[in-house]
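Contents: one structure, followed by commentary.
The values are calculated or read from the model by the stated rules, or taken from the named source; none is laboratory data. Keep in mind it's a predicted model, so treat the numbers as computed, not measured. No Cβ is skipped: glycine too gets one built from the backbone with ideal geometry, and neighbour counts run over all protein chains shown. Note: areas computed on protein heavy atoms with side chains; ligands, DNA, RNA excluded. Shrake-Rupley method; radii C 1.70, N 1.55, O 1.52, S 1.80 Å.
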Protein chains: 2
Amino acid sequence: MARPRQDRAVRTRAAILHAAAEVFDELGFSGASVSKIIARADATQGAMYFHFKSKEDLARAVMNEQGEGIVMPEGEPGLQHLIDITLHLATELQSNVLLRAGVRLAVEQGEFGVQDDTAYQEWAARFHEQLVAARDRGELLPEVNERELAWVLVSCYTGTQLFSQVSTNRADLPERVALLWRYLLPGVATPEARARLVTGPGAAGTARR
Amino acid sequence: MARPRQDRAVRTRAAILHAAAEVFDELGFSGASVSKIIARADATQGAMYFHFKSKEDLARAVMNEQGEGIVMPEGEPGLQHLIDITLHLATELQSNVLLRAGVRLAVEQGEFGVQDDTAYQEWAARFHEQLVAARDRGELLPEVNERELAWVLVSCYTGTQLFSQVSTNRADLPERVALLWRYLLPGVATPEARARLVTGPGAAGTARR
(Lines give C-alpha, C1' and ligand atoms only; values in the text may rest on other atoms or scores of the structure.)
Protein backbone atom coordinates (compact mmCIF):
# COMPACT_ATOMS: atom_id res chain seq x y z
CA MET A 1 0.00 0.00 0.00
CA ALA A 2 2.99 2.32 0.49
CA ARG A 3 3.89 2.36 -3.19
CA PRO A 4 1.05 4.44 -4.71
CA ARG A 5 1.39 7.00 -1.94
CA GLN A 6 5.13 7.24 -2.64
CA ASP A 7 4.52 7.61 -6.38
CA ARG A 8 2.05 10.37 -5.68
CA ALA A 9 4.54 12.14 -3.41
CA VAL A 10 7.16 11.96 -6.17
CA ARG A 11 4.71 13.39 -8.68
CA THR A 12 3.63 16.14 -6.30
CA ARG A 13 7.22 17.13 -5.61
CA ALA A 14 7.95 17.21 -9.34
CA ALA A 15 4.85 19.34 -10.00
CA ILE A 16 5.84 21.83 -7.30
CA LEU A 17 9.42 21.95 -8.57
CA HIS A 18 8.23 22.57 -12.12
CA ALA A 19 5.85 25.31 -10.98
CA ALA A 20 8.65 26.88 -8.95
CA ALA A 21 10.90 26.82 -12.03
CA GLU A 22 8.22 28.59 -14.09
CA VAL A 23 7.72 31.28 -11.46
CA PHE A 24 11.47 31.81 -10.85
CA ASP A 25 12.11 31.89 -14.61
CA GLU A 26 9.50 34.62 -15.06
CA LEU A 27 9.99 36.68 -11.92
CA GLY A 28 13.41 35.85 -10.47
CA PHE A 29 13.93 34.99 -6.83
CA SER A 30 12.67 38.17 -5.21
CA GLY A 31 9.61 38.44 -7.47
CA ALA A 32 8.57 34.86 -6.76
CA SER A 33 6.47 33.85 -3.75
CA VAL A 34 5.53 30.53 -2.21
CA SER A 35 1.84 31.32 -2.65
CA LYS A 36 2.31 31.94 -6.39
CA ILE A 37 4.20 28.65 -6.68
CA ILE A 38 1.53 26.71 -4.76
CA ALA A 39 -1.20 28.20 -6.97
CA ARG A 40 0.74 27.41 -10.15
CA ALA A 41 1.34 23.81 -9.02
CA ASP A 42 -2.29 23.42 -7.97
CA ALA A 43 -0.90 21.96 -4.73
CA THR A 44 -1.76 22.42 -1.07
CA GLN A 45 0.35 24.40 1.37
CA GLY A 46 0.83 21.18 3.36
CA ALA A 47 2.23 19.32 0.35
CA MET A 48 4.50 22.24 -0.44
CA TYR A 49 5.98 22.41 3.08
CA PHE A 50 6.24 18.62 3.25
CA HIS A 51 8.69 18.72 0.33
CA PHE A 52 10.33 22.15 0.67
CA LYS A 53 11.01 24.17 3.82
CA SER A 54 10.97 27.64 2.23
CA LYS A 55 11.34 29.69 -0.94
CA GLU A 56 15.16 29.47 -0.47
CA ASP A 57 14.89 25.69 -0.28
CA LEU A 58 12.82 25.62 -3.49
CA ALA A 59 15.32 27.88 -5.23
CA ARG A 60 18.19 25.66 -4.20
CA ALA A 61 16.39 22.58 -5.52
CA VAL A 62 15.67 24.26 -8.88
CA MET A 63 19.28 25.45 -9.07
CA ASN A 64 20.83 22.08 -8.25
CA GLU A 65 18.42 19.91 -10.26
CA GLN A 66 18.58 22.16 -13.34
CA GLY A 67 20.18 19.48 -15.51
CA GLU A 68 17.75 16.66 -14.67
CA GLY A 69 15.42 15.32 -17.29
CA ILE A 70 17.33 16.80 -20.22
CA VAL A 71 17.41 14.32 -23.08
CA MET A 72 20.95 14.60 -24.36
CA PRO A 73 21.90 13.97 -27.99
CA GLU A 74 23.12 10.46 -28.75
CA GLY A 75 26.71 9.74 -29.59
CA GLU A 76 29.96 8.11 -28.57
CA PRO A 77 31.59 9.87 -25.59
CA GLY A 78 34.39 12.19 -26.66
CA LEU A 79 35.00 15.70 -27.99
CA GLN A 80 32.30 15.66 -30.66
CA HIS A 81 29.77 14.50 -28.11
CA LEU A 82 30.87 17.25 -25.71
CA ILE A 83 30.42 19.85 -28.46
CA ASP A 84 27.00 18.36 -29.30
CA ILE A 85 25.99 18.56 -25.62
CA THR A 86 26.94 22.24 -25.38
CA LEU A 87 25.05 23.04 -28.59
CA HIS A 88 22.06 21.06 -27.36
CA LEU A 89 22.11 22.93 -24.05
CA ALA A 90 22.08 26.20 -25.99
CA THR A 91 18.72 25.29 -27.53
CA GLU A 92 17.44 23.81 -24.24
CA LEU A 93 18.26 27.15 -22.57
CA GLN A 94 15.85 28.78 -24.99
CA SER A 95 12.91 26.56 -23.93
CA ASN A 96 13.52 24.17 -20.96
CA VAL A 97 12.05 25.99 -17.99
CA LEU A 98 13.83 23.99 -15.25
CA LEU A 99 17.21 24.57 -16.91
CA ARG A 100 16.49 28.25 -17.57
CA ALA A 101 15.34 28.91 -14.02
CA GLY A 102 18.14 26.84 -12.51
CA VAL A 103 20.77 28.71 -14.48
CA ARG A 104 19.17 32.05 -13.64
CA LEU A 105 19.14 31.24 -9.93
CA ALA A 106 22.72 29.91 -10.02
CA VAL A 107 23.85 33.18 -11.60
CA GLU A 108 21.74 35.43 -9.37
CA GLN A 109 22.16 33.41 -6.17
CA GLY A 110 23.98 36.30 -4.46
CA GLU A 111 20.61 38.08 -4.48
CA PHE A 112 19.16 35.53 -2.08
CA GLY A 113 22.22 35.14 0.10
CA VAL A 114 23.38 31.78 -1.23
CA GLN A 115 26.89 30.79 -2.26
CA ASP A 116 26.65 27.27 -3.65
CA ASP A 117 28.69 26.02 -6.60
CA THR A 118 26.99 22.59 -6.80
CA ALA A 119 25.36 23.32 -10.16
CA TYR A 120 28.66 24.56 -11.63
CA GLN A 121 30.53 21.51 -10.31
CA GLU A 122 27.93 19.13 -11.70
CA TRP A 123 28.29 20.54 -15.18
CA ALA A 124 32.07 20.41 -14.76
CA ALA A 125 31.76 16.71 -13.83
CA ARG A 126 29.62 16.00 -16.91
CA PHE A 127 32.05 17.82 -19.20
CA HIS A 128 35.00 16.09 -17.51
CA GLU A 129 33.49 12.68 -18.32
CA GLN A 130 33.51 13.56 -22.02
CA LEU A 131 37.07 14.90 -21.82
CA VAL A 132 38.28 11.67 -20.21
CA ALA A 133 36.72 9.77 -23.12
CA ALA A 134 38.32 12.24 -25.54
CA ARG A 135 41.70 11.58 -23.93
CA ASP A 136 41.22 7.83 -24.35
CA ARG A 137 40.42 8.40 -28.01
CA GLY A 138 43.61 10.43 -28.47
CA GLU A 139 41.68 13.60 -29.30
CA LEU A 140 43.27 15.94 -26.72
CA LEU A 141 46.59 17.75 -26.92
CA PRO A 142 49.16 16.42 -24.43
CA GLU A 143 49.23 19.70 -22.44
CA VAL A 144 45.47 19.62 -21.73
CA ASN A 145 44.46 18.86 -18.15
CA GLU A 146 40.95 17.39 -18.32
CA ARG A 147 39.85 18.68 -14.93
CA GLU A 148 41.10 22.23 -15.51
CA LEU A 149 39.60 22.31 -18.98
CA ALA A 150 36.23 21.19 -17.60
CA TRP A 151 36.28 24.24 -15.26
CA VAL A 152 37.32 26.51 -18.11
CA LEU A 153 34.47 25.19 -20.26
CA VAL A 154 31.86 25.67 -17.54
CA SER A 155 33.19 29.19 -16.91
CA CYS A 156 33.16 30.14 -20.58
CA TYR A 157 29.76 28.57 -21.14
CA THR A 158 28.24 30.35 -18.15
CA GLY A 159 29.45 33.73 -19.34
CA THR A 160 28.49 33.05 -22.94
CA GLN A 161 24.88 32.26 -22.06
CA LEU A 162 24.73 35.26 -19.71
CA PHE A 163 26.05 37.79 -22.27
CA SER A 164 23.78 36.28 -24.93
CA GLN A 165 20.78 36.47 -22.61
CA VAL A 166 21.36 40.12 -21.73
CA SER A 167 22.04 41.07 -25.38
CA THR A 168 19.55 38.95 -27.34
CA ASN A 169 17.42 36.90 -24.91
CA ARG A 170 19.64 33.96 -25.94
CA ALA A 171 18.46 34.12 -29.57
CA ASP A 172 22.11 34.01 -30.73
CA LEU A 173 23.31 31.51 -28.11
CA PRO A 174 23.87 28.55 -30.48
CA GLU A 175 26.04 30.75 -32.75
CA ARG A 176 27.96 32.07 -29.74
CA VAL A 177 28.63 28.56 -28.44
CA ALA A 178 29.90 27.52 -31.87
CA LEU A 179 32.14 30.61 -31.88
CA LEU A 180 33.50 29.75 -28.44
CA TRP A 181 34.52 26.31 -29.70
CA ARG A 182 36.20 27.84 -32.75
CA TYR A 183 38.53 29.81 -30.48
CA LEU A 184 39.02 27.07 -27.87
CA LEU A 185 39.61 23.99 -30.02
CA PRO A 186 43.14 24.87 -31.21
CA GLY A 187 44.26 24.78 -27.55
CA VAL A 188 42.31 21.61 -26.81
CA ALA A 189 42.21 19.12 -29.70
CA THR A 190 44.87 17.52 -31.85
CA PRO A 191 44.94 18.74 -35.46
CA GLU A 192 43.64 15.31 -36.59
CA ALA A 193 40.68 15.47 -34.19
CA ARG A 194 39.96 19.09 -35.14
CA ALA A 195 39.74 18.19 -38.79
CA ARG A 196 36.87 15.81 -37.99
CA LEU A 197 34.93 17.92 -35.46
CA VAL A 198 31.74 19.76 -36.40
CA THR A 199 31.02 22.85 -34.30
CA GLY A 200 28.37 24.76 -36.25
CA PRO A 201 25.00 25.33 -34.60
CA GLY A 202 22.57 22.72 -35.83
CA ALA A 203 25.38 20.16 -35.80
CA ALA A 204 24.04 18.46 -32.65
CA GLY A 205 22.30 15.21 -33.47
CA THR A 206 22.96 15.33 -37.19
CA ALA A 207 24.53 12.28 -38.75
CA ARG A 208 28.25 12.44 -39.26
CA ARG A 209 31.27 10.16 -39.39
CA MET B 1 30.45 81.48 -9.39
CA ALA B 2 29.03 78.42 -11.12
CA ARG B 3 32.26 76.44 -10.98
CA PRO B 4 32.60 75.61 -7.25
CA ARG B 5 28.96 74.59 -7.08
CA GLN B 6 29.50 72.30 -10.07
CA ASP B 7 32.61 70.79 -8.49
CA ARG B 8 30.63 70.13 -5.34
CA ALA B 9 27.83 68.52 -7.32
CA VAL B 10 30.37 66.25 -9.04
CA ARG B 11 31.87 65.29 -5.68
CA THR B 12 28.45 64.66 -4.15
CA ARG B 13 27.41 62.46 -7.05
CA ALA B 14 30.67 60.50 -6.75
CA ALA B 15 30.18 60.07 -2.99
CA ILE B 16 26.63 58.79 -3.46
CA LEU B 17 27.73 56.45 -6.26
CA HIS B 18 30.55 55.08 -4.10
CA ALA B 19 28.21 54.57 -1.14
CA ALA B 20 25.71 52.85 -3.42
CA ALA B 21 28.47 50.54 -4.70
CA GLU B 22 29.39 49.60 -1.13
CA VAL B 23 25.80 48.85 -0.19
CA PHE B 24 25.06 46.90 -3.40
CA ASP B 25 28.33 44.98 -3.03
CA GLU B 26 27.39 43.93 0.51
CA LEU B 27 23.65 43.39 0.19
CA GLY B 28 22.82 42.99 -3.50
CA PHE B 29 20.03 44.92 -5.18
CA SER B 30 17.07 43.73 -3.14
CA GLY B 31 18.91 44.05 0.20
CA ALA B 32 19.98 47.62 -0.54
CA SER B 33 17.78 50.65 0.15
CA VAL B 34 18.00 54.30 -0.78
CA SER B 35 17.97 55.27 2.90
CA LYS B 36 20.97 53.03 3.64
CA ILE B 37 22.82 54.56 0.68
CA ILE B 38 22.01 58.14 1.76
CA ALA B 39 23.22 57.36 5.29
CA ARG B 40 26.41 55.72 4.02
CA ALA B 41 27.15 58.70 1.72
CA ASP B 42 26.37 61.18 4.49
CA ALA B 43 24.23 62.97 1.87
CA THR B 44 20.80 64.56 1.94
CA GLN B 45 17.72 63.04 0.36
CA GLY B 46 17.53 66.13 -1.86
CA ALA B 47 21.07 65.62 -3.16
CA MET B 48 20.39 61.96 -3.77
CA TYR B 49 17.23 62.57 -5.81
CA PHE B 50 18.89 65.44 -7.67
CA HIS B 51 21.44 62.98 -9.07
CA PHE B 52 19.51 59.69 -9.16
CA LYS B 53 15.80 59.10 -9.66
CA SER B 54 15.55 55.78 -7.80
CA LYS B 55 17.37 52.70 -6.50
CA GLU B 56 17.09 51.24 -10.05
CA ASP B 57 18.72 54.36 -11.43
CA LEU B 58 21.57 54.09 -8.90
CA ALA B 59 22.04 50.41 -9.74
CA ARG B 60 22.21 51.19 -13.44
CA ALA B 61 24.83 53.90 -12.82
CA VAL B 62 26.97 51.55 -10.69
CA MET B 63 26.61 48.83 -13.32
CA ASN B 64 27.51 51.03 -16.27
CA GLU B 65 30.29 53.03 -14.58
CA GLN B 66 31.93 49.94 -13.07
CA GLY B 67 35.15 50.36 -15.06
CA GLU B 68 35.71 54.04 -14.31
CA GLY B 69 38.64 55.11 -12.20
CA ILE B 70 40.52 51.84 -12.57
CA VAL B 71 44.23 52.55 -13.01
CA MET B 72 45.24 50.09 -15.69
CA PRO B 73 48.75 48.62 -15.92
CA GLU B 74 51.11 50.45 -18.26
CA GLY B 75 52.23 48.93 -21.52
CA GLU B 76 52.15 49.07 -25.29
CA PRO B 77 48.72 48.18 -26.71
CA GLY B 78 48.57 44.58 -27.93
CA LEU B 79 48.07 41.04 -26.70
CA GLN B 80 50.41 41.23 -23.71
CA HIS B 81 48.70 44.40 -22.57
CA LEU B 82 45.29 42.75 -22.96
CA ILE B 83 46.46 39.81 -20.84
CA ASP B 84 47.86 42.23 -18.26
CA ILE B 85 44.53 44.11 -18.16
CA THR B 86 42.57 40.89 -17.53
CA LEU B 87 44.98 39.84 -14.76
CA HIS B 88 44.82 43.31 -13.24
CA LEU B 89 41.00 43.22 -13.31
CA ALA B 90 41.15 39.89 -11.47
CA THR B 91 42.90 41.55 -8.52
CA GLU B 92 40.71 44.67 -8.80
CA LEU B 93 37.65 42.39 -8.53
CA GLN B 94 38.98 41.28 -5.16
CA SER B 95 39.08 44.84 -3.76
CA ASN B 96 37.62 47.62 -5.97
CA VAL B 97 34.12 48.15 -4.64
CA LEU B 98 32.69 50.00 -7.68
CA LEU B 99 33.90 47.24 -10.03
CA ARG B 100 32.71 44.46 -7.70
CA ALA B 101 29.27 45.98 -7.24
CA GLY B 102 28.96 46.89 -10.93
CA VAL B 103 29.82 43.35 -12.00
CA ARG B 104 27.48 41.87 -9.40
CA LEU B 105 24.61 44.05 -10.60
CA ALA B 106 25.36 43.34 -14.27
CA VAL B 107 25.21 39.60 -13.52
CA GLU B 108 22.16 39.80 -11.26
CA GLN B 109 20.30 42.50 -13.25
CA GLY B 110 17.45 40.09 -14.03
CA GLU B 111 16.59 40.31 -10.33
CA PHE B 112 15.68 43.98 -10.70
CA GLY B 113 13.99 43.72 -14.05
CA VAL B 114 16.76 45.22 -16.15
CA GLN B 115 18.18 43.88 -19.41
CA ASP B 116 21.07 46.14 -20.33
CA ASP B 117 24.29 44.93 -21.94
CA THR B 118 26.08 48.30 -21.83
CA ALA B 119 28.66 47.13 -19.30
CA TYR B 120 29.40 43.99 -21.34
CA GLN B 121 29.70 46.00 -24.55
CA GLU B 122 32.05 48.51 -22.94
CA TRP B 123 34.45 45.79 -21.84
CA ALA B 124 34.17 44.27 -25.31
CA ALA B 125 35.12 47.66 -26.80
CA ARG B 126 38.14 47.96 -24.49
CA PHE B 127 39.31 44.44 -25.31
CA HIS B 128 38.68 45.06 -29.02
CA GLU B 129 41.00 48.10 -28.92
CA GLN B 130 43.84 45.88 -27.70
CA LEU B 131 43.06 43.23 -30.31
CA VAL B 132 43.21 45.82 -33.10
CA ALA B 133 46.66 46.82 -31.83
CA ALA B 134 47.62 43.14 -31.63
CA ARG B 135 46.55 42.70 -35.26
CA ASP B 136 48.72 45.67 -36.29
CA ARG B 137 51.65 44.10 -34.49
CA GLY B 138 51.12 40.80 -36.33
CA GLU B 139 50.31 38.92 -33.12
CA LEU B 140 46.95 37.43 -34.17
CA LEU B 141 46.29 34.35 -36.27
CA PRO B 142 44.78 35.17 -39.69
CA GLU B 143 41.46 33.43 -38.85
CA VAL B 144 40.84 35.58 -35.76
CA ASN B 145 38.04 38.14 -36.03
CA GLU B 146 38.86 40.88 -33.52
CA ARG B 147 35.25 41.82 -32.83
CA GLU B 148 34.07 38.23 -32.31
CA LEU B 149 37.07 37.45 -30.14
CA ALA B 150 36.34 40.49 -27.96
CA TRP B 151 32.83 39.07 -27.30
CA VAL B 152 34.26 35.63 -26.60
CA LEU B 153 36.75 37.13 -24.13
CA VAL B 154 34.10 39.14 -22.28
CA SER B 155 31.89 36.04 -22.14
CA CYS B 156 34.64 33.78 -20.85
CA TYR B 157 35.86 36.39 -18.38
CA THR B 158 32.36 36.98 -17.02
CA GLY B 159 31.80 33.29 -16.38
CA THR B 160 35.29 32.78 -14.98
CA GLN B 161 34.84 35.48 -12.35
CA LEU B 162 31.35 34.20 -11.52
CA PHE B 163 32.39 30.56 -11.03
CA SER B 164 35.45 31.71 -9.02
CA GLN B 165 33.28 33.95 -6.86
CA VAL B 166 30.77 31.22 -6.06
CA SER B 167 33.53 28.65 -5.40
CA THR B 168 36.24 30.67 -3.63
CA ASN B 169 35.05 34.26 -3.18
CA ARG B 170 37.37 35.07 -6.11
CA ALA B 171 40.48 34.01 -4.15
CA ASP B 172 41.60 31.87 -7.13
CA LEU B 173 40.50 34.31 -9.84
CA PRO B 174 44.01 35.35 -11.00
CA GLU B 175 44.97 31.67 -11.47
CA ARG B 176 41.72 30.98 -13.31
CA VAL B 177 42.26 33.92 -15.66
CA ALA B 178 45.79 32.69 -16.39
CA LEU B 179 44.36 29.23 -17.07
CA LEU B 180 41.76 30.67 -19.44
CA TRP B 181 44.50 32.32 -21.47
CA ARG B 182 46.48 29.08 -21.60
CA TYR B 183 43.58 27.38 -23.36
CA LEU B 184 42.59 30.36 -25.53
CA LEU B 185 45.95 31.56 -26.82
CA PRO B 186 46.62 28.71 -29.28
CA GLY B 187 43.46 29.76 -31.17
CA VAL B 188 44.32 33.44 -30.95
CA ALA B 189 48.04 34.23 -31.20
CA THR B 190 50.72 33.31 -33.71
CA PRO B 191 53.32 30.84 -32.39
CA GLU B 192 55.94 33.65 -32.40
CA ALA B 193 53.71 35.92 -30.31
CA ARG B 194 52.80 33.08 -27.94
CA ALA B 195 56.44 32.37 -27.26
CA ARG B 196 56.84 35.91 -25.90
CA LEU B 197 53.58 36.24 -23.93
CA VAL B 198 53.50 35.96 -20.13
CA THR B 199 50.16 34.77 -18.73
CA GLY B 200 50.95 33.73 -15.15
CA PRO B 201 49.19 35.60 -12.34
CA GLY B 202 51.50 38.27 -11.00
CA ALA B 203 52.71 38.93 -14.55
CA ALA B 204 50.74 42.18 -14.82
CA GLY B 205 52.97 45.20 -14.44
CA THR B 206 56.20 43.24 -14.07
CA ALA B 207 59.07 44.19 -16.36
CA ARG B 208 59.50 42.06 -19.42
CA ARG B 209 60.77 42.32 -22.98
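Quick check: Cα centre of segment B:142-175 to Cα centre of segment B:62-129, how many Å?
11
In terms of Cα to Cα distance under 26 Å, which lysines are near enough to B:Lys55, apart from those fewer than 8 places away along the same chain?
In chain and number order, the partners are A:Lys36, A:Lys55, B:Lys36.
Note the distances from B:Glu76 to each other copy's matching label point, with points 7 Å along the Cα-to-beta-carbon direction, in nm, sorted shortest first.
4.8
Which value in nm describes the separation of the simple spin-label points at B:Ala39 and A:Ser33, placed 7 Å from the Cα toward the beta carbon?
Roughly 2.7 nm, to one decimal.
In nm, to one decimal, how far is the modelled label at A:Arg137 from the one at A:Ala15, with both set 7 Å along Cα→Cβ?
Rounded to a tenth, the inter-label distance reads 4.3 nm.
What's the average, rounded to a whole number, of partner chain beta-carbon atoms within 10 Å of each residue's beta-carbon in B:163-173? All intermediate terms of the calculation are to be shown ahead of the outcome.
On the way: counts 14, 4, 3, 13, 6, 2, 1, 0, 0, 1, 0.
Counting other chains' Cβ atoms within 10 Å and averaging over B:163-173 gives 4.
In nm, one decimal, shortest first: how far is the label point of A:Asp116 (7 Å from Cα along Cα to beta carbon) from the matching points in the other copies?
Label point to label point, same position, other copies: 3.0 nm.
Hey, rough spin-label estimate for A:Glu26 and B:Glu26, points 7 angstrom out along Cα→Cβ, what's it come to in nanometres?
Once both label points are built, they end up 3.6 nm from each other.
Report, in order of residue number, the helices in chain A meeting two criteria: a C-alpha extent of 30 Å or more along the helix axis, and a mean Kyte-Doolittle hydropathy of at least 1.0; treat each whole DSSP H run as one helix.
Taking the DSSP H segments of chain A (at least 30 Å long, mean hydropathy at least 1.0), we get none.
Suppose R0 equals 35 Å. What FRET efficiency, 1/(1 + (r/R0)^6) with r the Cβ-Cβ distance, do B:Ala125 and A:Asp116 give to the nearest 0.05? Walk me through the intermediate numbers first.
Working: r = 34 Å, r/R0 = 0.96.
Calculated value: 0.55.
Can you compute the label reach from B:Arg196? Point 7 Å from Cα along the Cβ direction, backbone N cut-off under 16 Å, restricted to segment B:64-83.
B:75-83
For chain B, what does the alpha-carbon gyration tensor say about shape, rounded, prolate or oblate, given a ≥ b ≥ c as the root eigenvalues, a/c under 1.5 as rounded, and a/b over b/c as prolate?
In terms of gyration-tensor shape, prolate.
Mind giving me the FRET efficiency for B:Asn169 and A:Phe50? R0 is 51 Å, r the Cβ-Cβ distance, nearest 0.05 is fine.
For R0 = 51 Å, the calculated efficiency reads 0.90.
Note down the net charge around B:Val152, summing +1 for each Lys or Arg and -1 for each Asp or Glu among other residues with Cβ under 12 Å from its Cβ.
Residues near B:Val152 contribute 0 overall.
Tell me, in nm to one decimal, what length is gained between A:Arg147 and A:Glu74 on full extension, where the rule is 0.36 nm per residue of separation less the Cα-Cα distance?
Numbers: separation 73, 0.36 × 73 = 26.28 nm, distance 2.32 nm.
Residue separation times 0.36 nm, minus the Cα-Cα distance, leaves 24.0 nm.
Roughly how many percent of the accessible protein surface of the protein assembly as shown is carbon and sulfur, given a 1.4 Å probe and a whole-percent answer?
Of all accessible area on the protein assembly as shown, carbon and sulfur atoms account for 51 percent.
For a Förster distance of 45 Å, can you work out the FRET efficiency between the beta-carbons of A:Gln94 and B:Gln94, rounded to the nearest 0.05?
It comes to 0.85.
In what sequence, highest mean first, do A:124-134, B:160-170 appear when ranked by Cβ atoms within 10 angstrom?
By packing density, highest mean first, the sequence is B:160-170, A:124-134.
Classify the protein assembly as shown as rounded, prolate or oblate, taking a ≥ b ≥ c as the square roots of the eigenvalues of its Cα gyration tensor: rounded when a/c is under 1.5, otherwise prolate if a/b is larger than b/c and oblate if not.
Oblate.
Consider the operator that turns chain A into chain B: which A residue has a Cβ nearest its axis, and what is that gap in Å?
Of all Cβ atoms in A, the one closest to the rotation axis yields A:Gly159, 1.
Sort shortest first the distances from B:Arg137 to its counterpart in every other copy, using label points 7 Å along the Cα-to-beta-carbon line, and give them in nm.
3.8
Does segment B:1-78 come out rounded, prolate or oblate, given a ≥ b ≥ c as the square roots of the eigenvalues of its C-alpha gyration tensor, rounded meaning a/c under 1.5 and, failing that, prolate meaning a/b above b/c?
Oblate.
Per the helix-only calculation at 222 nm, which mean residue ellipticity applies to chain B, given -39500 (n - 2.57) for every DSSP H run of n ≥ 4 and division by its residues, nearest 500 deg cm²/dmol?
-22500 deg cm²/dmol
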